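The values are calculated or read from the model by the stated rules, or taken from the named source; none is laboratory data. Treat the numbers as computed from the prediction; the structure is a model and nothing was measured. Here the Cβ is made from the backbone with ideal geometry for all residues, glycine too, and neighbour counts use every protein chain on show.
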Amino acid sequence: MDDEPSPTSYNQLLERETMIAKIIIKRRFKEGKTRQILTLLNELRAKAMQQPGYISGETLTKKGFPNNMVVIAAWHSMDDWHRWRDSNERNKFEAMLDVFQERPAVYEEYLLGPPSLSAAKLE
C-alpha cells in the first residue's frame with residue numbers, strides 16, 4: 001500500500017498549513033508632527049505585540065525622505081494578521097494616523113519563503 005496521501009487529503013493538509021506572514025505597510029506623512037506620528041506608531045506597535053500571533057515588527061525611514069516610512073511586521077499566520085488588521089482597536093489608531101498622512105497607507109501581504117506546493121492545488 002502506498003503511504004503517499006491522496007491528492008484530496010493532501011490538499012486538505014495544505015489548506016490547514018500555516019505559514020509566517022510578513023506585512024509591509026508603506027506610509028507617507030505630511031511635514032511636521034513627527035513627535036505625534038512616532039508616538040502613535042509606537043503605541044500601535046505596543047498594542048500589536050499583545051496580539052495572538054504577533055512575532056516582530058520594525059519601522060524604516062527612507063533615506064533622504066524622512067516622511068516616508070515602512071513598517072515590516074511578522075505574524076505566525078495571515079489569519080492572525082487579518083484579525084488584528086480588522087480589529088476596532090487597530091482601526092482607531094489607523095484613523096488617527098490618517099490625519100497625518102499625505103495619502104492612504106499601502107499594504108502588501110507576503111508569506112515567508114519561496115512559492116511551494118502549498119500555493120498550488122493538486123487536481
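Scoring Ile24 on the criteria (1) farther than 20 Å from Met96 by Cα; (2) modelled with pLDDT of 95 or more leaves a single failure, condition (1). Of all residues in the range 82-107, those that are surrounded by 12 or more Cβ atoms within 10 Å (Cβ to Cβ) and modelled with pLDDT of 95 or more have Cβ atoms under 7 Å from Cβ atoms of residues that are β-branched (Val, Ile, Thr) and not in a loop (DSSP other than H, G, I, E, B), 6 or more apart or on another chain, in Phe100/Ile37; Ala105/Ile25; Tyr107/Ile23; Tyr107/Ile25.
Give the residues of the range 56-81 that are in contact with a strand residue (DSSP E or B) (Cβ under 8 Å, 6 or more places away or on another chain) and without any contact (Cβ under 8 Å) to a residue 40 or more places away in the chain, sorted by residue number. Break it down stepwise before answering.
So the first thing to find is which residues in the range 56-81 are in contact with a strand residue (DSSP E or B) (Cβ under 8 Å, 6 or more places away or on another chain), and the list is 56-62, 67-78, 80-81.
Hits for the range 56-81 are Ser56, Gly57, Glu58, Thr59, Leu60, Thr61, Lys62, Asn67.
Across the range 37-86, the number of residues qualifying as of a type in the set (Gly, Ala, Ser), over 14 Å from the mean Cα position of the chain (by Cα) and in a loop (DSSP other than H, G, I, E, B) comes to 1. Of note, Leu13 satisfies the criterion of being at pLDDT below 50, surrounded by 10 or more Cβ atoms within 10 Å (Cβ to Cβ), not small (Gly, Ala, Ser) and not in a strand (DSSP E or B).
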